[in-house]
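Single-structure report; data block below.
The values are calculated or read from the model by the stated rules, or taken from the named source; none is laboratory data. Note that the structure is a prediction, hence the values are computed from the model and not measured. Cβ coordinates were reconstructed from backbone atoms using ideal geometry, including for glycine residues, and neighbour counts include every protein chain displayed.
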Amino acid sequence: MTLMKYYRPTSSGGATGHAYVFIENDVIVGDRVTVECGVQLWDGVRIEDDVFIGPNATFTNDLYPRSRDHSKPILESRVCTGASIGANSTILPGLTIGRKAMVGAGAVVTKSVPPFAVVMGNPGRIVGYVENTARVAKSTTPAIAAEPGITPLNVAGVTVHRFKYVRDLRGDLTVGNFADEIPFAPARYFFVLNVPGSEVRGEHAHHACHQFLIAACGHVSVMVDDGHERQEVRLDCPDVGICIAPLTWGVQYKYSADAVLLVFASHPYDSADYIRDYDEFLKVIQIPSKSV
C-alpha cells in the first residue's frame, strides 16, 4: 500500500495526483489522469486515460465489509476513458463508469453508468447525457412541430412524427398510417410499462431493425446517438412518436410512474440483431472509439 502526497506527470503524459491520495496495491491508472486531494483508490480499481477524479472521491471494494471473510475475490471497478468523478462521490464495488460519463459531486453510484450519462444524487440516477461533439445543436431537445408532420433530427436516420389528434366529447383519438407516415411495416409490437423512474431501458442499437416509439401514457425521454450527434426527445403525448433507424444507439429513461411506452418493430425478435456494447457499436459504424 502507498500513501501518496504527490506524484508528478511523466514524460509520456502520465497521471497527476494531489495531496493525501491513497492507492492500494492492485490499482491501474492510465495516462493524463487527474486525481485530486483525499481520493482513495483501493485494490481492483482500473482508471483509463483522460479521467478526472475530484476531491475525496471514494472507491469501495468490499460488498460485505462486516463479514470478515477476506477469501472472496476483489471486485474490479473501472472508470473508462474521459469520464469525470465529482468531489465526495462514492463508487460501489464492481461497477463501470462509462466513457465520458459524469458523476456529480456527492453522488452515491450503486449501478454501472452508461457511456456519456450524467449521474447525480443518492442513490445515483441518470439525469441527462453529455453532448457528443461540438457539432451537436446548442439545445439537445429539438422543437417538435405543433401540427401533423415529420421533424428530422440532427441524428442520422431519426425522425419525430406528429400525428392527427381529434378531440371529441365522446373521447379523443389520434391516428397514423404506417404506409404513409411511418417508413416500415411492423412485424411486432411490445409495451414497456411499470418502469421505476430510476431505471434505464434500451442501451443498445440494432443491425437491421427499425423501431417506432410512442408514449401511449405518461412520459419518457429517448436519447438517440449515431456516433456523431446525440439528441434527446421527451415523449409526453400519444400523438408524437420517434422513428429510429438501424445502427442508432438508443436509450430510454426518465419514465413517469404511469408511463406506457408502445414500440413497433420492423423485424421479429432476434438476439443477434442487437449491439449491446457502445464500443462495439462504434466499431460497427466504423468510428474509432478514441475520436468520440
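Taking the residues in the range 220-255 that are more than 18 Å from the chain's Cα centre (by Cα) and farther than 24 Å from Val284 by Cα as candidates, determine which candidate is surrounded by the most Cβ atoms within 10 Å (Cβ to Cβ).
Among them, the one singled out is Gly241.
Given the residues Ala87, Ala107, which is the only one that is under 22 Å from Val200 (Cβ atoms) and among the aliphatic types (A, V, I, L, M)?
Selected residue: Ala107, the only one of Ala87, Ala107 that is under 22 Å from Val200 (Cβ atoms) and among the aliphatic types (A, V, I, L, M).
Can you go through Tyr20, Tyr6 and tell me which one is of a type in the set (Phe, Trp, Tyr), at positive phi and at pLDDT below 95?
Among Tyr20, Tyr6, only Tyr20 is of a type in the set (Phe, Trp, Tyr), at positive phi and at pLDDT below 95.
Regarding the range 212-221, can at least one residue be identified that is touching a Ser or Thr at 6+ places or on another chain (Cβ under 8 Å) and within 20 Å of Leu153 (Cα to Cα)?
Within the range 212-221, one or more residues are touching a Ser or Thr at 6+ places or on another chain (Cβ under 8 Å) and within 20 Å of Leu153 (Cα to Cα).
Going through the range 140-161 one residue at a time, which ones are surrounded by 12 or more Cβ atoms within 10 Å (Cβ to Cβ), in a loop (DSSP other than H, G, I, E, B) and hydrophobic (A, V, I, L, M, F, W, C)?
Ile144, Ala145, Leu153, Val155, Ala156 - these are the residues of the range 140-161 that are surrounded by 12 or more Cβ atoms within 10 Å (Cβ to Cβ), in a loop (DSSP other than H, G, I, E, B) and hydrophobic (A, V, I, L, M, F, W, C).
Within the range 256-275, identify whether any single residue is acidic (Asp, Glu) and surrounded by 14 or more Cβ atoms within 10 Å (Cβ to Cβ), and answer yes or no. Full working, then the answer.
So in the range 256-275, the residues acidic (Asp, Glu) come out as 258, 270, 273.
Retained after the next criterion (residues that are surrounded by 14 or more Cβ atoms within 10 Å (Cβ to Cβ)): 273.
Checked against the condition, which is being acidic (Asp, Glu) and surrounded by 14 or more Cβ atoms within 10 Å (Cβ to Cβ), the range 256-275 yields at least one hit.
Hey, could you check the range 72-112 for residues that are assigned to a loop (DSSP other than H, G, I, E, B) and basic (Lys, Arg) and say which is surrounded by the most Cβ atoms within 10 Å (Cβ to Cβ)?
Ranking the candidates gives Arg99 first.
Please list, ordered by first then second residue, the pairs with beta carbon atoms under 9 Å, 6 or more apart or interchain, first in the range 265-276 and part of a helix (DSSP H, G or I), second surrounded by 10 or more Cβ atoms within 10 Å (Cβ to Cβ) and of a type in the set (A, V, I, L, M).
As it stands, the answer is Asp273/Ala208, since those pairs meet every condition given.
Filter the range 244-274 down to the residues that are under 21 Å from Glu131 (Cα atoms) and hydrophobic (A, V, I, L, M, F, W, C) and list them by number.
Answer for the range 244-274, where residues must be under 21 Å from Glu131 (Cα atoms) and hydrophobic (A, V, I, L, M, F, W, C): Ile244, Ala245, Leu247, Trp249, Val251.
Return the residues of the range 160-174 that are within 17 Å of Leu213 (Cβ to Cβ) and modelled with pLDDT under 90; say none if nothing qualifies. Let's see the steps before the verdict.
Start the filter on the range 160-174 by keeping residues that are within 17 Å of Leu213 (Cβ to Cβ), which leaves 160-163, 174.
Within the range 160-174, no residue meets the criteria.
Of all strands (runs of 3 or more DSSP E) completely enclosed by the range 162-211, which ones contain at least 1 residues that are under 27 Å from the mean Cα position of the chain (by Cα), of a type outside the set (Phe, Trp, Tyr) and in the same structural domain as His267 (by TED's automatic domain parsing)? Full working, then the answer.
Working: elements: 164-166, 173-175, 188-193, 201-206.
Passing ranges, in order: 188-193, 201-206.
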